[in-house]
Amino acid sequence: MELRARGWWLLCAAAALVACARGDPASKSRSCSEVRQIYGAKGFSLSDVPQAEISGEHLRICPQGYTCCTSEMEENLANHSRMELETALHDSSRALQATLATQLHGIDDHFQRLLNDSERTLQDAFPGAFGDLYTQNTRAFRDLYAELRLYYRGANLHLEETLAEFWARLLERLFKQLHPQLLLPDDYLDCLGKQAEALRPFGDAPRELRLRATRAFVAARSFVQGLGVASDVVRKVAQVPLAPECSRAVMKLVYCAHCRGVPGARPCPDYCRNVLKGCLANQADLDAEWRNLLDSMVLITDKFWGPSGAENVIGSVHMWLAEAINALQDNKDTLTAKVIQGCGNPKVNPHGSGPEEKRRRGKLALQERPSTGTLEKLVSEAKAQLRDIQDFWISLPGTLCSEKMAMSPASDDRCWNGISKGRYLPEVMGDGLANQINNPEVEVDITKPDMTIRQQIMQLKIMTNRLRGAYGGNDVDFQDASDDGSGSGSGAGCPDDTCGRRVSKKSSSSRTPLTHALPGLSEQEGQKTSAATCPEPHSFILLFLFTLVLAAARPRWR
């Protein structure tokens, strides 16, 4: 293939040299007026532009036949073409970021609204139903909702332990309130706490909430985090500068036709694609992991629906809390007898309140709210857009050629092939860095992948791993590597070796740091992005030696 491409360029160059050697007077005296108009319209000084074509020996990028470009013009147009491509890339990136941000904010706002509505219902209904069992413990309930919000937004919390500590604190406080006539010192309450799991004072509510909330919150926050990670990857990749070889190739693609005196010739389609495939070779290597991430995000939305789905669970936290307090009141006598049997007879409080029977509180029955259909609409739109952007990185060269590079609609004798007006014969390269080894338009060193992009590939892998764990009901950030996949819920265990150790939120954390917290999460509320990771190792020795041979054999004029 390379020999065919090289033969093509030799033929084009020979034809151009023959045309120059013939000394065609009409060619030499061709006016540069059209080039002057285009050059001036871009804000450059017209004093740089000759009135008629001149000899092009001074040109460093464009073919060195008769030309309308001076050295200053060639340099100015080269810089301008680079800025135009950078602007086009930034525009494409901003459009994609805006799409992801719209989905993120819509779904994130919905989940937070569900949790806020649940807390508001609790604040409205619990005081009248439970009296001082609630009013004297409002801080405990408020703290629980605050920690659920922090967990959802990516904070370094273990949700199961957070719930367990809430139930332990609540049991101590409510047991004391239900027995004001008894002295209950700390050691007695410690004994109560140790028996709580066997006594089940709150019935099935704590277990049900733990199982459902873990799955629901993990699914919701991993999906929204996935949108944030995808947007962050796009933003960082957009900051990767163009290589010098790319800048030269883009100048030749876009403006060398002007210098050649044929400004009306538009780039041949395959010529444009080869240039941009070479320029964006590293970006195309994001494709595989980008698709894996988006596929995993579409899959995790299955966990939003049903009785244990994110929408139902996050909006119904108050219902499990009400069920728990109802169960505690119903089982008070049995619970008290078992606690006394296990912990001994507590002393009577001489300053205690009157008979307990006069202090009984009411019960609360709450109805589930019907779904409004809002989340279904948001998720349907998000899934459709995620599918639309799956091939963003590998379709980018073709998109830019069609929309930004004024590409010719067809490859014929009238398009610009980099040397003159005429057909472009080399075949189009494949996608990605490795496929550019024989790119006839851009010299690409396939042994030197861009480190920024390699780091973003790793971030995509990490987030995909979280989403796959979340699909099985597991919080990958706390999945213990020694658990053999049992985790905090059913389903597949934590894949690969990227999972952190499960730790208590009271201890120093050795977990894998979050790579993306939701917008608005402060440094105190959650861990920041981890340090830059390293790319996977590859062996390029044979390819590198082969590239050296090709470089030595490559003609200097290319």
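The values are calculated or read from the model by the stated rules, or taken from the named source; none is laboratory data. The model shown is predicted, which means the values in this text are computed figures rather than measured ones. Cβ: placed from backbone, ideal geometry, glycine included. Neighbour counts: every protein chain shown. Ligands, DNA and RNA are stripped out before the accessible areas are found, and what is left, the full protein with its side chains, is counted by its heavy atoms. Shrake-Rupley method; radii C 1.70, N 1.55, O 1.52, S 1.80 Å.
The 3J(HN,Hα) values that the Karplus relation (6.51, -1.76, 1.60; θ = phi - 60°) gives for the range 151-163 are, in residue order, 4, 4, 8, x, 6, 7, 10, 9, 5, 4, 5, 4, 5 Hz. Gly and Pro appear as x. With the cut-off at 1.5 for a/c, could you classify the range 138-297 from its C-alpha gyration tensor as rounded, prolate or oblate? Taking the square roots of the gyration eigenvalues as a ≥ b ≥ c, the range 138-297 is prolate.
At a Förster radius of 25 Å, what calculated FRET efficiency corresponds to the Cβ-Cβ distance of LYS194 and SER308, to the nearest 0.05? Don't skip to the end; give the middle numbers.
Numbers: r = 30 Å, r/R0 = 1.20.
Approximately 0.25, to the nearest 0.05.
Size descriptors for the range 84-140: radius of gyration and Dmax over Cα atoms are 21.9, 68 Å. Taking one quarter of the surface of the convex hull spanned by the alpha-carbon atoms of the range 74-180 gives a direction-averaged projected area of 10.1 nm².
Add +1 for every Lys or Arg and -1 for every Asp or Glu among the other residues with Cβ under 10 Å from the Cβ of PRO397, and state the total. Spell out each step's value before the answer.
Values: positive: ARG273, LYS277; negative: ASP431.
Once positives and negatives cancel, what remains is +1.
Using only the alpha carbons of the range 34-80, what is the convex hull's orientation-averaged projected area in square nanometres? Could the numbers behind the result be given before it?
Details: hull surface 11.9 nm².
So the mean shadow area of the Cα hull is 3.0 nm².
The overall shape of the range 131-172 is oblate: from the C-alpha gyration tensor, with semi-axes ordered a ≥ b ≥ c, the ratio a/c is 1.5 or greater and a/b is no larger than b/c.
First check a/c for the range 60-113, with a ≥ b ≥ c the square roots of the eigenvalues of its C-alpha gyration tensor; if it is under 1.5, answer rounded, and if not, answer prolate when a/b is larger than b/c or oblate otherwise. Judged from the Cα gyration tensor, the range 60-113 comes out prolate (a/c at least 1.5, a/b above b/c). With K and R counted +1 and D and E -1, the other residues having a Cβ less than 14 Å from that of ALA284 yield a net charge of -2. Could you check how much of the accessible area of the range 156-236 is carbon and sulfur, as a whole percent, using a 1.4 Å probe? After summing per-atom areas, the C and S share lands at 50 percent.
Sequence-distant contacts, meaning Cα pairs under 8 Å at least 6 residues apart, place the relative contact order of the range 216-333 at 40 percent.
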